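Any read-out appearing in this document is the output of simple, stated calculations on the displayed coordinates, not a laboratory observation. These numbers come from a predicted model, not from an experiment. Glycine also receives a Cβ, built like all others from the backbone with ideal geometry; neighbour counts cover every protein chain displayed.
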Amino acid sequence: MFSAEVLKQFDLNGPRYTSYPTADRFTVGFTDGDYATALRTMARKPASLYVHVPFCRSLCYYCACNKIISKSSTIADEYLTSLAREMDLVAAAQPALPIVQVAFGGGTPNYLTIEQLTRLVRDLEARFDFLPEREQGVELDPRFLDAEYVAALPALGFNRVSYGVQDFDERVQKLIHRFQSFEQTAQAVQATRAAGIGSISFDLVYGLPIQSRESFAATLERVLSLEPDRLALFNYAHIPERFKAQRRIPTDTLPSIAQRTELFLYASERLVDAGYQAIGLDHFAKPGDPLAVAHGNATLRRNFQGYSTHHSTDLIGLGVSAISNVNATFAQNSPVLEAWSERIAGGRLATVRGVALSRDDQIRARVIEEIMCVGCVDWRRLGADYGIDAAAYFAPEQAELERFAATGIISHDAERLVVTPQGRLLLRAVAMVFDAYKNVKREQAVTYSRIA
Ligand code: SF4
């Protein structure tokens, strides 16, 4: 493994590259009119939908999501009315668009009552063509869930569930203000399996206050006893100047870079020992899981929800702060609830920033996605696909790549770049070599991803 000094030389906390350009490069020059044009002119092929439900009942201090803490249920009814109007605006450009993948994220999608969730699904089905083979997933918070709620999900088309776990240690939970017992999570898992939902995913977070190898090992053993199909092991990024809730976490309780590295490596080894396959930056899946299969045959993709098995699909984001990726553009909705709903009520899409990808953006997006997904770039294939001499095109990056190669993070020749097994921890840093915007000052953008 690399020494702490080596790790310090490279940026462990680069962007997660759920998109390229990253969301903080989107600009206000890209308008709702640009997004409407992209929608009208997109290819008629199966697309993905993301629906953002921004409400939560309780604030987790580590949170970097776009969320609204509330106890009201009428706020959700009003939100669903605006969402239906937004669906109308999209459907006017693309009537009955076929949908192969649907994801509900937040916030907390199960903030919605089952009646509200049913209304939302029916509203979507009325405007889009939900393909029978679609993958339909939802992020659920086990703290606010009962077996009856979970039992109703399959009839609404849900076949995947993702549970936020983070850490089962009560001392850690107190410092992050998220009290979630093992029993609550175990009951949620049991209810999910009893409902016949065959894919369960867990989100864990390392780098949280006072986490130690011993405490995280105990969490991992309890997690493994529940046998999730997939796991994500997110690195907590402490950016209190950007995410207000994080100011309540005392900085001196956070593990150092070396400790975080140790936590990740320990967890990674334990999960592989337990039979999971390591995938990309921070995901693990049982062999045979579609994510593991896609990783094995190099068809894995990356989008705002993390890793995906659906390649080459356009993504339509609905709801406050949601990001769409349509026809080589990114378009982000207003992150402010009132501004988003007023725009929609006025009959306009709620885009406030975005970007139309240049050819250079598209080439770099492909390289970065391949690094993040499979840790390998085939220069000849890239050159053939884009009609470029890849070596000449990326000549300015060569010196930087040599530095990575000299440290054993990558191997690199005229045919391909390959991230070494120990280099996995530095995938973001390798990807960043190809980020043409890395030295340009970032705009402040609101994220809806679970961990910054
Ligand atoms: S971490 Fe999830 S549940 Fe907690 S406040 Fe953020 S969005 Fe809500």
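With at negative phi, surrounded by 15 or more Cβ atoms within 10 Å (Cβ to Cβ), in contact with a Pro (Cβ under 9 Å, 6 or more places away or on another chain) and not in a strand (DSSP E or B) as the only criterion, which of 428, 424, 366, 343 stands out? One residue alone meets the criteria, 428. Tell me, which residue of the stretch 219-252 that is in contact (Cβ under 8 Å) with a residue 12 or more places away in the chain and of a type in the set (Lys, Arg) is nearest to the ligand (Cβ to nearest atom)? Filtering first and then ranking leaves 248. Out of curiosity, is residue 17 of a type in the set (Ser, Thr, Tyr) and within 16 Å of the ligand (Cβ to nearest atom)? No, not satisfied. Applying the criterion of being hydrophobic (A, V, I, L, M, F, W, C) and under 22 Å from the mean Cα position of the chain (by Cα) to the residues of the stretch 154-167, the residue that is farthest from the ligand (Cβ to nearest atom) is 158. Is at least one residue of the stretch 42-53 more than 8 Å from the ligand (Cβ to nearest atom), among the β-branched types (Val, Ile, Thr) and surrounded by 15 or more Cβ atoms within 10 Å (Cβ to Cβ)? Yes, the stretch 42-53 contains at least one residue that is more than 8 Å from the ligand (Cβ to nearest atom), among the β-branched types (Val, Ile, Thr) and surrounded by 15 or more Cβ atoms within 10 Å (Cβ to Cβ).
Results for (1) among the aromatic types (Phe, Trp, Tyr); (2) out of contact with any His (no Cβ under 7 Å at 6 or more places or on another chain); (3) outside any strand (DSSP E or B); (4) farther than 29 Å from residue 292 by Cα, shown as yes or no for each residue.
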residue	(1), (2), (3), (4)
164	no, yes, no, no
172	no, yes, yes, yes
179	yes, yes, yes, yes
183	no, yes, yes, no
193	no, yes, yes, no
197	no, yes, yes, no
205	no, yes, no, no
211	no, yes, yes, no
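Criterion first (farther than 27 Å from residue 244 by Cα and within 16 Å of the ligand (Cβ to nearest atom)) does residue 137 satisfy it? For residue 137, the condition - farther than 27 Å from residue 244 by Cα and within 16 Å of the ligand (Cβ to nearest atom) - is met.
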